[in-house]
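Undergrad: Can you keep this structure in mind? I'll have questions shortly.
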Amino acid sequence: MAHAHAADSKELPAMLRSRALRPLLIAGLVVYFLYLLVAMAPARIAASAVHAAIPQVWLTSVSGSLWRGHAGGAQVDLGEKVLSLGEVSWSLNPWTLLAFNPCVAFNADSAGPIVSGTLCQSPFGSTTVKNVNIEFPVSMIEPYVHARASGQFSLQVSEARLLGRRVEALD
């Protein structure tokens, strides 16, 4: 019996027999599994998550993966009015998953508003947005302010931290 056990251990690569490398190998396999999970998960999971977190936001005609996705249309319900954001694309930064602080770069581009930036979700519930750029014709807000308006609106946010619906920090 001892002879058979010794023969089996000789068949294993030396790297697998090393106790020091086993945790590293297991960690590598876990990271690879998470990569496959995120890379293969359909983008509709992201659309559902966005709508669950912000019920006023709708993404339609969703394609791609959780990693890199695209929505053919996006809209925000503002009471009786609807603000169309046009097409939206996003990409998830894989390194931020390892830090348990996933960050998504997003871009909404249409004939009306243009919105882009990066959104990060901490495991402690706070949300950080970085390098956000919002631009749209001022005429888009006419129905909300009941006044004539013209020109271009532009807002740049270097970084903001949100906790729920409350702004904790803004730069």
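The values are calculated or read from the model by the stated rules, or taken from the named source; none is laboratory data. Because the structure is predicted, anything quoted here is derived from the model rather than measured. When we count neighbours, we look across all protein chains shown, and the Cβ atoms used for this are built from the backbone with ideal geometry, even at glycine. Side chains are part of the model used for accessible areas, which takes the heavy atoms of the whole protein and leaves out ligands, DNA and RNA. Shrake-Rupley method; radii C 1.70, N 1.55, O 1.52, S 1.80 Å.
Undergrad: All but one of (1) open to solvent by less than 50 Å² (accessible area, probe 1.4 Å); (2) assigned to a strand (DSSP E or B); (3) farther than 30 Å from Leu34 by Cα hold for Ala149, so report the exception by its number.
TA: (2)
Undergrad: Sticking with this structure for a sec: Which of (1) under 21 Å from Val82 (Cβ atoms); (2) open to solvent by 70 Å² or more (accessible area, probe 1.4 Å); (3) over 20 Å from the mean Cα position of the chain (by Cα) does Asp171 not meet, given it meets every other one?
TA: (1)
Undergrad: Let me ask you something else. Has segment 62-72 got any residue that is touching a His at 6+ places or on another chain (Cβ under 9 Å), over 22 Å from Arg165 (Cα atoms) and not β-branched (Val, Ile, Thr)?
TA: Yes, because at least one residue in segment 62-72 is touching a His at 6+ places or on another chain (Cβ under 9 Å), over 22 Å from Arg165 (Cα atoms) and not β-branched (Val, Ile, Thr).
Undergrad: Let me ask you something else. Out of all the residues in segment 100-137, which are surrounded by fewer than 14 Cβ atoms within 10 Å (Cβ to Cβ) and modelled with pLDDT under 90?
TA: Correct list: Phe100, Ala111, Pro123, Phe124, Gly125.
Undergrad: A further question follows. Confirm whether Glu159 is modelled with pLDDT of 90 or more and either out of contact with any Asp or Glu (no Cβ under 8 Å at 6 or more places or on another chain) or open to solvent by 70 Å² or more (accessible area, probe 1.4 Å) (or both).
TA: The answer is yes for Glu159.
Undergrad: Here is a list of conditions, (1) free of Cβ contacts under 8 Å to residues at least 24 places away in the same chain; (2) not basic (Lys, Arg); (3) not in a strand (DSSP E or B), and Met140 meets all of them except one; can you say which number that is?
TA: (1)
Undergrad: Would you call Trp67 in contact with a helix residue (DSSP H, G or I) (Cβ under 6 Å, 6 or more places away or on another chain) and among the aromatic types (Phe, Trp, Tyr)?
TA: It is true that Trp67 is in contact with a helix residue (DSSP H, G or I) (Cβ under 6 Å, 6 or more places away or on another chain) and among the aromatic types (Phe, Trp, Tyr).
Undergrad: Something else: Of the residues in segment 100-118, how many are assigned to a loop (DSSP other than H, G, I, E, B) and of a type in the set (Gly, Ala, Ser)?
TA: Going through segment 100-118 one residue at a time, the tally reaches 3.
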